[in-house]
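For reference, the structure I am asking about is given below.
No lab work stands behind these numbers, since they all come straight from the coordinates. Since we're looking at a predicted model, the values are computed, not measured. As a convention, Cβ positions derive from the backbone with ideal geometry for all residues, glycine included, and neighbour counts pool all protein chains shown.
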Amino acid sequence: MLAQIRNMPERKDPARNQYDYAHYQAHAAICAAIKKATGRTLILRPIWPVTDMRIFLQSHQAMHDDMNRSQGFPGTDLTKLDDEDEIARKDWGWRNYQQHQQIQNKLRIP
Ligand SMILES: [Zn+2]
């Protein structure tokens, strides 16, 4: 699952929807693992399908803040993304991937 969110395809690429879905599934797995490990329920926000980028970025950041706080990681600001800019998209995708890797490794989610 982690490998599927390593590279974020551009919005026009048909593979982007698969990326977005895999990313949503990764968040679902993180919420389930944190519930199992701590008993705490984190809100799984509807980040798939992505229809409004502004709402996606806010909802997604809220989930990263929740999961990072729960596991004691500082996290970073993922609320800004110019999806049309390849460099910005790759940078955002990489920073998001790194946070998922950190948390998913700790929670032993593949
Ligand atoms: Zn994420």
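With Ile43, Ile47 as the choices, which residue is touching a helix residue (DSSP H, G or I) at 6+ places or on another chain (Cβ under 9 Å), surrounded by 15 or more Cβ atoms within 10 Å (Cβ to Cβ), touching a residue at least 12 places away in the same chain (Cβ under 8 Å) and part of a loop (DSSP other than H, G, I, E, B)?
Ile47
Right, something else. In this structure, is Asp83 touching a residue at least 12 places away in the same chain (Cβ under 8 Å), more than 14 Å from the ligand (Cβ to nearest atom), surrounded by 16 or more Cβ atoms within 10 Å (Cβ to Cβ) and not polar (S, T, N, Q)?
Yes.
Looking only at residues in region 1-10 that are outside any loop (DSSP other than H, G, I, E, B) and without any contact (Cβ under 8 Å) to a residue 60 or more places away in the chain, which one is surrounded by the most Cβ atoms within 10 Å (Cβ to Cβ)?
Ranking the qualifying residues of region 1-10, first place goes to Gln4.
Continuing with this model, one more query. Look through Asp13, Asp65, Asp52 and report the one residue that is free of Cβ contacts under 8 Å to residues at least 12 places away in the same chain and within 12 Å of the chain's Cα centre (by Cα).
Only one candidate passes the filter, namely Asp65.
Now for a different question. Does Ile34 qualify as being surrounded by fewer than 16 Cβ atoms within 10 Å (Cβ to Cβ) and more than 13 Å from the ligand (Cβ to nearest atom)?
no
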